[in-house]
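Participant: Handing you this structure, nothing more for now.
The values are calculated or read from the model by the stated rules, or taken from the named source; none is laboratory data. None of these values were measured; they are calculated from a predicted model. Ideal geometry is used to build each Cβ from the backbone, glycine not excepted, and the neighbour counts take in all protein chains shown. Heavy atoms of the whole protein, side chains included, go into the accessibility calculation; ligands, DNA and RNA do not. Shrake-Rupley method; radii C 1.70, N 1.55, O 1.52, S 1.80 Å.
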Amino acid sequence: MARRSPARPPAPAPRPPAPTARRRRVAVSALLPAVLAAAPLGAAPPDLDALWVRGDAAASERRLREAQHGAAPDDWGRLQTQVARTLGLRGDFDGARRLLAAMEPLPAGASPEWRARLALETGRTWVSAAHAPDAITPAARAEAARRYGEAISVAAAAGLDALHIDALHMMAFVEPAPARQAHWARAALAVAEASRQPAARRWEGSLRLNLGLALQDGGDLDAAGASFVAARAAYERDGRAEDAAVARWMEARVRRLQGRLAEALAMQQALARALDDAGTPDPFVFEELEILHRALGDPAAAQAAAARRAALAPR
């Protein structure tokens, strides 16, 4: 079950591009004529989302690179932005940035999607959930905001709703104050709700979850709880059981923060049973159960929950 990123050792600050960046830029640009010549006429554009392997950036990179063979230039470029993203997810922000910079300036006929993805993924090399807090400097925030802003403008003008939403939601990492995070979540949610594009509509659950977290951090627990309920409903509508369980966990956690301990306990116990029945028990659920049992004066039950949590924790 996904949670906020755990604490981790500080990462080094971003370094300037290596001296080979200019040579790589020329080399990649020189590939485009060959890519054009190799592209089969009438080939269907690749489904980028389908090439991703959830939770496995290395496997995703292999699939994306395989799809580049024989791809049309625009498709090749869109795929290259996703290859760069796999590097960033593994902490290689310099490598991702060099890969993306090698494509600039884009060909005159580059599609809005290629342009938007290039700006979006470049922004992610500066500020994202994968960055250690001390790596997000004022200069990094400014560059990320510039590139995310570019992605927002290009995607909005072209009616690329899912990319528009993605870029809007990334601004919450640039402006982490709860009120600003809530602003960006609402802005992205407005695009999702107005869109008729399935890929954009599927953002609703995540955006409502993000809005709930921002509201919770800002102290509005009632509104946060309502947002988590709405997130769970959206996930269930989309058939995303694992994500719905995350929203259910957060809804129960808000009950605890409100002092509604008996309600929170019943919700977490029901979630623990459901996940056990599905064969996917979760240590975070038992962590909450331990806290709740101790708060309600049941040390034996708290110890049992702690033992389950310890048994499930990654080693």
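Participant: Normalised by the number of residues in the chain, what is the relative contact order in percent for Cα pairs under 8 Å and 6+ residues apart?
Facilitator: Values: 426 pairs, mean separation 34.2, N = 315.
Relative contact order here is 11 percent.
Participant: Net charge around Asp74, counting only other residues with Cβ within less than 13 Å of its Cβ (Lys, Arg = +1; Asp, Glu = -1)?
Facilitator: On the way: positive: Arg78, Arg115, Arg117; negative: Asp75, Glu113.
Here the count lands on +1.
Participant: Dipole magnitude of the chain about its Cα centre, charges +1 at Lys/Arg Cβ and -1 at Asp/Glu Cβ only, in debye to the nearest 20? Display every interim value, and only then the final one.
Facilitator: Numbers: 42 positive and 36 negative charges, 160 e Å.
The calculated dipole for the chain is roughly 760 debye.
Participant: Another question, then. Where the only charges are on Cβ atoms (+1 Lys, Arg; -1 Asp, Glu), what is the dipole of the range 191-315 about its Cα centre, to the nearest 20 debye?
Facilitator: On the way: 17 positive and 18 negative charges, 29 e Å.
Its charge dipole is roughly 140 debye.
Participant: How would you rank 146-156, 292-302, highest first, on the average number of other Cβ atoms within 10 Å across their residues?
Facilitator: Details: 146-156: 21.0, 292-302: 14.8.
Ranked by mean Cβ neighbours within 10 Å, highest first: 146-156, 292-302.
Participant: Explain nothing, just the number: dipole magnitude of the range 90-225 about its Cα centre with +1 on each Lys and Arg Cβ and -1 on each Asp and Glu Cβ, in debye rounded to the nearest 20.
Facilitator: In total the dipole reaches around 280 debye.
Participant: Toward the positive end of the charge dipole of the chain, about the Cα centre and with charges on Cβ (Lys, Arg +1; Asp, Glu -1), which of Leu118, Gln197, Met250 goes farthest?
Facilitator: Farthest along the dipole direction, towards plus: Leu118.
Participant: Using helices alone, I'd like the mean residue ellipticity at 222 nm for the chain: each DSSP H run of four-plus residues gives -39500 (n - 2.57), total over residue count, nearest 500. Let's see the in-between values first.
Facilitator: Working: 16 runs with 223 residues, N = 315.
Calculated mean residue ellipticity at 222 nm is -23000 deg cm²/dmol.
Participant: Taking all protein chains as present, what is the carbon and sulfur share of the accessible area of the chain, in % to the nearest whole number, probe 1.4 Å? Mind showing how you got there, number by number?
Facilitator: Values: 9060 of 15490 Å².
Percent of accessible area from carbon and sulfur atoms in the chain: 58.
Participant: Grab the other residues whose beta carbon is less than 9 angstrom from that of Arg256, score K and R as +1, D and E as -1, and report the net. Provide the component values of the computation, followed by the final result.
Facilitator: Numbers: positive: Arg253, Arg255, Arg260; negative: Glu263, Glu288.
Value of the local net charge: +1.
Participant: Give the Cα extents of the range 201-315 along the principal axes, in whole Å, largest first.
Facilitator: 44, 31, 24
Participant: Tell me the net charge near Asp47. Cut-off is 13 Å between Cβ atoms, Asp47 excluded, with +1 for each Lys or Arg and -1 for each Asp or Glu.
Facilitator: After counting each charged neighbour, the total is -1.
Participant: Would you mind getting the Kirkwood hydrodynamic radius of the range 34-133 from its Cα pairs, rounded to one decimal in Å? Before the final figure, lay out each step's value.
Facilitator: Values: mean 1/r = 0.0723 Å⁻¹.
For the range 34-133, the Kirkwood estimate is 13.8 Å.
Participant: Against the longest alpha carbon principal axis of the chain, how many degrees, from 0 to 90 and to the nearest 10, is the axis of helix 161-174 turned?
Facilitator: 70 degrees
Participant: Largest first and to the nearest Å, give the Cα extent of the chain along each principal axis.
Facilitator: Largest first, the chain extends 70, 41, 38 Å along its Cα principal axes.
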